[in-house]
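The values are calculated or read from the model by the stated rules, or taken from the named source; none is laboratory data. What you see is a predicted model; the values in this text were computed from it and never measured. Neighbour counts are summed over all protein chains in view; Cβ atoms, including those assigned to glycine, are modelled from backbone coordinates with ideal geometry.
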Amino acid sequence: MDTVLTTMFYFWVSLFIVFFLTQRGLWIFSDVAKGTVSFMLEKALGPGSDLVEGRPGSGARSWILQGTLWLILGSMFTFTSMWLTHDPNALHSLASWGFVANANELASAGVYATLYGSVSMLVIGSGFHIIPKLAGTELASETNANLVSFVWTISVLVLVVGSQNNMILGIEIIPLGTAINAIALLAVILNQLLTVANKTRKMALPGWLILIALLSNPLLSIISIISGAADDSVGQWLSYHLFGGAFFFAGVAGVALYASSIASGNPLWSKTLVGVTLFGSILTINPFGDVHGQMVMDAFGPLAGNNVVAFSNQDMLAASFLMALVSIPVFAFASNMLVTMRGSDAFVDSPDYPGNAELNLGSWLIVPIAIGSLFVQTDTVSGTSELVGIANSLSVMAGWLVLVPLSLGAALSLYPELTGRHLFSNNRARWGYLMMTGGAIFGLSLTMIADFMDMALVEMMVEDPSTLSEELRKLGSVMFYGVVIGAILHSLNMITGIFRGEIISSDSVKSSSISIESYSLVSSTTVRKILASGANLDTEVIPVGEEDEKGSATKL
Amino acid sequence: MSISTTDSVDVFLQGEKEPSGSWVFIVVGVVFSLSFLVLYSILYPGQDLPVISDLVPVFSGVFDSGIWFFILGTMIGIFAILGRLLLEATSE
C-alpha cells in the first residue's frame with residue numbers, strides 16, 4: 001500500500017476513536033480519569049502552580065499576550081532572512097560574536113517563531129476562552145493554562161535556537177524543543193478535555209474544530225513514526241501538510257469562526273459549512289507551506305529517516321486528489337466568515353470591534369493563496385517542479401496573510417472580554433493593521449515578482465543574475481518591515497490596554513451568538529438587533545433596567 | 001400619481017472636516033516615490049544607500065549595512081514595550 005493513503009487511513013481511524021471516546025467518555029474509568037487529570041493539572045505541579053495566577057481568563061490572556069510578542073520576533077526573523085537573500089554579508093559583523101547569519105536558517109527561525117510562537121499561541125489562548133464558553137462551563141485549570149504558556153514559549157525559544165545551530169554539546173536541539181512543545185501541548189489537551197468533560201450543554205462546532213486541531217497534533221506525530229511516514233521524503237511531505245491542515249487550519253478556522261460572530265454581533269451563518277470545514281480539514285491535504293518535509297525531519301530527529309524518494313504513481317494520484325479537495329473546506333470557511341460578518345461596517349473605528357479588519361483580510365485572501373499553493377504543490381508532487389521558485393514566497397504569504405491575520409483578529413476580538421478593557425488606542429490598532437497588511441502584501445508580492453524573474457532567467461539559462469530582480473528583493477524586504485512595525489504597534493497597544501484601556505461597560509460586553517439562552521435588555525432596542533445577537537424564539541429576554549424610584553437611607 | 005425623488009443634488013459637495021486618515025495616502029505616495037527613485041538609481045546614483053557607519057564613522061566595519069537601521073528600529077520598539085511594562089508595573 002502507498003504511503004499517502006496508509007498514513008491518512010491511520011490518521012482518520014485514530015481521530016475517529018479519540019472523537020468517539022471524547023463524546024462517550026471512558027465508561028467506568030471516567031471519574032477516575034477526571035480525578036487523575038485534575039490532580040496532574042494542579043496539585044502535581046507542586047510549588048510551580050504558585051508562580052502564576054489562576055483567575056478566570058488569566059490563562060487565555062497569558063497565551064494571547066505571549067503570542068502577540070512572538071509576532072515581533074517572527075516578523076523580524078522573516079524580514080532579516082529576506083534581506084540576507086539579496087545581501088548575504090549584511091550581518092557579517094555578528095560573526096565576531098560567533099553568530100554567522102544565514103538567510104535559510106533565519107527563514108526557518110521565522111517559521112518557528114511565527115507558526116509555533118505566534119499562531120499556535122494565539123489559537124490555543126483563544127481556545128482557552130472559547131471552549132469553556134461554548135461548553136457552558138469554566139476552564140478546568142486556569143493555573144495550569146497560565147503556567148504552561150511559559151513552557152510553550154521556552155519550547156519555541158529552543159526551536160529558534162535549534163534552527164540556527166541544531167547540535168549543541170552533542171544534543172540535537174530541534175527534537176529537544178519539539179519534545180518540550182509536545183509536553184506543553186499534552187497539558188493543554190488534558191486541560192481542554194477535562195473542560196469538555198464538564199460541559200453543561202452541547203458544544204457548537206467551532207469548539208470541536210479547536211479540539212480536533214489540538215488532538216490531531218500528537219496523533220499525527222505518533223502515526224507518522226508508527227506508519228513509517230517519517231522515514232522518507234514523501235511521508236515527511238505528507239506529515240508536514242497534515243499538520244498544516246489538521247492543526248493550523250482547523251485551529252485557526254475554529255477561533256476565527258467564533259470570533260466572526262463575536263466581532264460582528266451576527267449569528268454564525270451556516271452550521272453545515274462549519275461541519276464541512278471540520279471534516280475537510282481532516283480528510284483533505286492542505287497545500288499551504290513548503291514543498292518539502294524538512295521541518296518534520298528536523299522535529300523528529302533520530303526518529304526520522306533521510307531517504308529521498310520520488311512520489312509513486314499511486315501516491316501522486318492520491319495526494320493530488322486529496323489536495324484538490326481542499327477547495328471545499330477553504331471555500332466553506334471563507335464564505336461562512338464573510339457572510340457572518342456581512343453588514344458589519346464597524347471596521348476598526350469602534351472600540352467594540354477590534355480584529356474585524358484582520359478577520360476580513362484573512363477570509364478574503366485564503367482563497368487565492370490556497371489556489372496558488374495548490375498549483376505549486378501539485379507541480380512538486382507530479383515531479384515537474386516548474387513553480388518551485390515561488391514556493392517560499394507563497395508559503396510566507398500563507399503565514400502572514402492568512403494564518404496570522406485570522407488568529408490575531410480572533411485574539412483582538414476576544415481581548416475586551418478577556419481583559420475587561422478596550423485596546424489602548426483604536427488609531428494604533430488601525431495603523432498596526434495597515435502596516436502589517438501593506439508590508440506583507442507589497443513586500444511579498446515584490447519578492448514573488450523577483451522569484452518569477454529568476455525562474456525565467458534560469459529557464460533561459462542566463463548565467464548572470466538580474467540586477468532588477470535584486471533591486472526588487474531589496475524593495476520587497478524593506479516593504480516587509482512594515483509587518484515588524486505593525487507587530488510592535490499591536491503588542492504595545494495590547495499591553496498598554498491592559499493597564500490603561502477604557503474599561504468596558506457591562507452592556508457592551510457581547511455574548512457569542514452561537515448559543516444564547518437569555519438576553520439581558522439594558523436599554524430600548526430593536527427586535528432585529530436582538531435576533532442578530534443570536535437570540536431565537538425560545539430566548540428569554542430579561543429586562544435589567546434601573547429604577548427611577550427615589551432612594552432612601554439603608555436600614556441597618 | 002408620481003413620486004419625485006432626488007438622485008443627485010447637482011452641486012459640488014466638499015466636507016468641512018479633514019478625515020484623519022487622508023494623510024496616510026500621502027505618506028504611502030511619498031514612500032513609493034522614494035522607493036522608485038532609489039530603484040532607478042536617481043537618488044544615490046552608482047552607490048548604495050548611506051548606512052550607519054557612513055554617518056557615524058566610529059561604527060565602520062560594524063553597522064555597515066542598511067539592515068542595521070531596521071534592526072535598531074525593532075530594538076527601539078521592543079524596548080518601548082519592555083519600558084511600558086516596567087512603567088505600568090511600578091506606577092502604583
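Of the residues that make up segment A:24-45, is at least one outside any helix (DSSP H, G or I) and hydrophobic (A, V, I, L, M, F, W, C)?
Within segment A:24-45, one or more residues are outside any helix (DSSP H, G or I) and hydrophobic (A, V, I, L, M, F, W, C).
Scan segment A:305-320 and give yes if some residue there is buried (at least 16 other Cβ atoms within 10 Å of the Cβ), at pLDDT 85 or above and in a loop (DSSP other than H, G, I, E, B), otherwise no.
No, segment A:305-320 contains no residue that is buried (at least 16 other Cβ atoms within 10 Å of the Cβ), at pLDDT 85 or above and in a loop (DSSP other than H, G, I, E, B).
From B:37, B:43, B:72, B:55, grab the single residue that is more than 9 Å from chain A (Cβ to nearest Cβ), of a type in the set (A, V, I, L, M, F, W, C) and surrounded by fewer than 11 Cβ atoms within 10 Å (Cβ to Cβ).
Answer to the selection: B:55.
Looking at A:85, A:143, can you tell me which residue is surrounded by fewer than 24 Cβ atoms within 10 Å (Cβ to Cβ), away from chain B (no Cβ under 14 Å) and of a type in the set (S, T, N, Q)?
A:143
For segment B:28-37, state whether one or more residues are at pLDDT below 80 and over 22 Å from residue A:441 (Cα atoms).
No.
In segment A:180-209, what residues are more than 20 Å from the chain's Cα centre (by Cα) and aliphatic (A, V, I, L, M)?
Scanning segment A:180-209 gives A:194, A:196, A:197, A:203.
Return a yes/no flag: does segment A:473-492 have any residue that is more than 10 Å from chain B (Cβ to nearest Cβ), modelled with pLDDT under 70 and in a helix (DSSP H, G or I).
no
Residue by residue, here is whether (1) part of a helix (DSSP H, G or I); (2) at pLDDT below 75; (3) among the polar types (S, T, N, Q) holds:
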site	(1), (2), (3)
B:20	no, yes, yes
B:23	yes, no, no
B:43	no, yes, no
B:54	yes, no, no
B:63	no, no, no
